[in-house]
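Written out below as structure tokens is the structure these notes cover.
Every number in this text was worked out from the coordinates using simple rules, so none of it is lab data. In this text the structure is predicted, and so the values were computed from the model without any measurement.
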């Protein structure tokens, strides 16, 4: 089973191939402004380095947000196009779930992910189940929120754990995969 992992939600593009639950190769590119000209050539390079073609792919995992509006759309579009044309399963994972896949906690915890003007948050229980919707708060609101709630700031993740977490989810019709934009303010 050869899985393509795509993450374009932030300034860093992360692409990887996972084969039979082992990370084959990851390419990370720090490209703040031009994902659209970097992502596809990086994907081609990844496949060539592993001597694979897209026809070898058996499924796709894509980070669908929250994050950069344009970055999310790019990664999701590439994933949907490949999944549809190759007729292979596609699964989504949120940018916060990528971090969730690699951590454990004993009580209900808000996981937060920083972005340039504020934070995306979501409340999870110890079984890694979402128990309150994703929302966004400004940096000034975040400081007050942290004082009153159990919050864990996340920012890095393990690709293999993220892929394994996503593969526990049901595959989605590629036409129904969309970027996940969080516009809801908490306060």
(Q) Need the C-alpha centroid separation for segment 126-178 versus segment 7-43, integer Å. (A) 20
Q) Taking Cα atoms, how many degrees apart are the long axis of helix 139-148 and the longest axis of the chain, rounded to 10 and kept between 0 and 90? A) 70
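Defining a contact as two alpha carbons under 8 Å apart and six or more residues distant in sequence, what relative contact order in percent does the chain show?
Values: 379 pairs, mean separation 41.6, N = 187.
Dividing the mean separation by the residue count of the chain yields 22 percent.
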Q. Mind checking the angle between helix 69-86 and the chain's longest principal axis? C-alpha axes, 0 to 90 degrees, to the nearest 10.
A. 40
**Q.** DSSP bridge orientation in segment 103-154 - percent antiparallel, rounded to nearest 5
**A.** 75
**Q.** Cα-derived Rg over Rh, computed across the chain with Rh taken as Kirkwood radius
**A.** 0.97
(Q) Pairwise over distinct Cα atoms, reciprocal of the mean inverse distance: report the Kirkwood radius of segment 89-187 in Å, one decimal place. (A) 14.3
Q.
Can you say what percent of the DSSP beta bridges in the chain, counting only those with both residues inside, are antiparallel? Round to 5.
A. 70
Q) With the chain treated as a Gaussian network of Cα nodes joined by springs under 10 Å, which of 166, 148, 101 yields the largest mean-square fluctuation? A) 148
Q) What do you get for Rg/Rh over segment 1-89 if you use C-alpha atoms and the Kirkwood form of Rh? A) 0.94
Q.
At 1.306 mPa s and 10 °C, plugging the Kirkwood radius over alpha-carbon pairs of segment 103-154 into Stokes-Einstein gives what diffusion coefficient in µm²/s?
A. 143
Q. Taking the chain as a Gaussian network, where each spring joins two C-alpha atoms under 10 Å apart, which residue of 115, 49, 97 fluctuates the most?
A. 49
Q.
What is the angle, in °, between the Cα long axis of helix 35-49 and the longest principal axis of the Cα atoms in the chain? Nearest 10 is fine, range 0 to 90.
A. 50
Q) Any idea how far the Cα center of segment 50-77 sits from the one of segment 86-125, in Å? A) 17
Q.
What is the ratio of the Cα radius of gyration of segment 41-103 to 2.2 N^0.38 Å, with N the residue count, to two decimals?
A. 1.20
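With runs of 4+ DSSP H residues as the only contributors, calculate the mean residue ellipticity of the chain at 222 nm using -39,500 (n - 2.57) per run, divided by the residue total and rounded to the nearest 500.
On the way: 5 runs with 57 residues, N = 187.
Theoretical 222 nm ellipticity from helices: -9500 deg cm²/dmol.
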